[in-house]
Amino acid sequence: MSEGHWIVNKVILGHSMAFNMDTLITMWAAMAFLIVVSFFVTRNLSIFPTKLQLIFEKILGYFKGITDDMIGEDGKKHFPLIMSLFLFIVTANLMGQLPLRMIELQHGEIASPTNDINLTAGLAIIVLVYYVTCGLIKKKAHFLFKGFSFEGIIELFVEILDMITRPLTLALRLFGNILAGEILVGAMLGLMAWGLPLPFMFFEVLVACIQALVFTMLTTVYIATAVNEE
């Protein structure tokens, strides 16, 4: 079984660029899956919901309550991003528990797209740009700069440092947990293919859901701190 990423090198506009094709394929597969599921869930909605409709209503209701509690009246504006992040991340995380490694590639292997720091960093940068933009729109320059006093300048530097570390911790936490889990399951498969990996795989399913929830909750907190006046 091969290990690592399926890397393809291309020359674009005179610059050599490397693409992790396994990450791109699984990322688009996760998005396509969510689009298809969303299509079927939203067809023929009823006050007597089907099991699939009921599951999604519970998930949406849970995050709608959290968003309203943390952000307030403006929560509905940010709910689509928050909900999209959770659904994509949890789907991408769980893809690592599918037997995709059984597909033999000449180079690399197919696994969860969130075991690639490039993807988790991209998600974290999206969150950073989003909540900073929301804060600037709501509070103007006062969002970052509190005044020309000594305390205001120090607070500006602290805020900049905070904005640098927030996406870094978001990206590294998600990447590290998913990659470590897949390495652990792979090691157990190497020791004994039957039976032994199952407890670890069930545990990693729990980790996949928790990490998606943590990423989403922290995103909600960052948006709340950016747009709320308190």
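The values are calculated or read from the model by the stated rules, or taken from the named source; none is laboratory data. Being a predicted model, the structure only gives us computed values, none of them experimental. Cβ coordinates were reconstructed from backbone atoms using ideal geometry, including for glycine residues, and neighbour counts include every protein chain displayed.
The set of residues in the stretch 145-159 being modelled with pLDDT of 70 or more and either on the phi > 0 side of the Ramachandran plot or surrounded by 11 or more Cβ atoms within 10 Å (Cβ to Cβ) (or both) consists of Ile153, Ile154, Glu155, Leu156, Glu159. Is it the case that the stretch 172-182 has a residue that's more than 30 Å from Phe56 (Cα to Cα), at pLDDT below 85 and of a type outside the set (S, T, N, Q)? Looking for residues that are more than 30 Å from Phe56 (Cα to Cα), at pLDDT below 85 and of a type outside the set (S, T, N, Q), one finds none in the stretch 172-182, hence no.
Determine, yes or no, whether Ser84 is of a type outside the set (A, V, I, L, M), exposed (fewer than 13 other Cβ atoms within 10 Å of the Cβ) and outside any loop (DSSP other than H, G, I, E, B).
No; evaluated as a whole, the condition is false for this residue.
Out of Met31, Met70, one residue alone is farther than 24 Å from Ser112 by Cα, touching a residue at least 12 places away in the same chain (Cβ under 8 Å) and outside any loop (DSSP other than H, G, I, E, B). It is Met70. With the structure loaded, tell me whether Leu24 is under 30 Å from Trp6 (Cα atoms), surrounded by 15 or more Cβ atoms within 10 Å (Cβ to Cβ), at pLDDT 90 or above and not acidic (Asp, Glu) or whether it fails that test. For Leu24, the condition - under 30 Å from Trp6 (Cα atoms), surrounded by 15 or more Cβ atoms within 10 Å (Cβ to Cβ), at pLDDT 90 or above and not acidic (Asp, Glu) - is not met.
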